[in-house]
Amino acid sequence: HTLRRLIMRLHATQVQLVENYLETIYVLNQKTGFVRSVDVALEMGFSKPSISNAMKKLKAEGYVQIEDKGRIVLTEKGKALAEGTYEKHCVISHLLMDIGVSEKTALQDACRMEHILSEETFDCMKAHHRKWHELNPDMKE
């Protein structure tokens, strides 16, 4: 049982890391239109060699392509996962701020929560968030 739990935890950690890399690439691309390993390293606080290794793995898994001058581009598969993760991050952080959590804490908590929620739970949270803002149009989204 303990080995199985450890393996499951390690796998979950790897999935979270992949989602974080892809989400970071997605957000940086939205901001600047051109993302390189060094940009991801600076944003995530990791070393450039560890990001380069991660990008090689993400490329091998079909999540990214590396173009001329080291530009990182999300594939359709990578973009779909990144957009889903980013959507969760946005909805969760806004929902937490709506109930009074500080922005800093909401963003940190959303970063952790976005990886562990079931689709059912997230869909319900998203529907609640949307309905709440329809009923409270003066609230900042």
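The values are calculated or read from the model by the stated rules, or taken from the named source; none is laboratory data. Everything numeric here is computed off the predicted structure, so don't read it as measured data. In case anyone asks, the SASA skips ligands and DNA or RNA and just uses the protein heavy atoms, side chains included. Shrake-Rupley method; radii C 1.70, N 1.55, O 1.52, S 1.80 Å.
Rounding to the nearest 10 and keeping the result within 0 to 90°, find how far the Cα-based axis of helix 76-98 lies from the longest principal axis of the chain.
So the inclination is approximately 30 degrees.
Relative to the longest principal axis of the chain, what angle (0 to 90°, nearest 10) does the C-alpha long axis of helix 48-60 take?
That helix lies at roughly 90 degrees to the long axis.
Rounded to the nearest 10 Å², what accessible area does MET55 have for a 1.4 Å probe in the complete protein model?
MET55 exposes around 10 Å² with every protein chain in place.
So for the chain, averaging the separation of alpha carbon pairs under 8 Å that are six or more residues apart and normalising by length, what relative contact order in percent results? Mind showing how you got there, number by number?
Values: 113 pairs, mean separation 26.4, N = 141.
With pairs under 8 Å counted, the relative contact order is 19 percent.
Largest first, what is the accessible-area ranking of GLU103, GLU67 with a 1.4 Å probe? Don't skip to the answer; put the middle values down first.
On the way: GLU103 115, GLU67 85 Å².
These residues rank, largest area first, as GLU103, GLU67.
Given the protein chains as shown and a 1.4 Å probe, how many square angstrom of TYR86 are accessible, to the nearest 10?
80 Å²
Can you sort ASP39, ASP123, ASP68 by 1.4 Å-probe accessible area, starting with the largest? Before the final figure, lay out the partial values.
Values: ASP39 35, ASP123 75, ASP68 130 Å².
Per-residue accessible area, sorted high to low, gives ASP68, ASP123, ASP39.
Could you state the per residue volume, in Å³, of the convex hull enclosing the Cα atoms of the chain? Please report the intermediate quantities before stating the final value.
Working: hull volume 20.2 nm³, N = 141.
Output value, Cα hull per residue: 143 Å³.
Please give the solvent-accessible surface of LYS104 in Å², to the nearest 10, using a probe radius of 1.4 Å with every protein chain present.
Answer for LYS104: close to 140 Å² accessible.
Could you sort PHE122, PHE46 by accessible area so the largest value comes first, with the probe set to 1.4 Å?
Details: PHE122 5, PHE46 80 Å².
Putting PHE122, PHE46 in descending order of accessible area: PHE46, PHE122.
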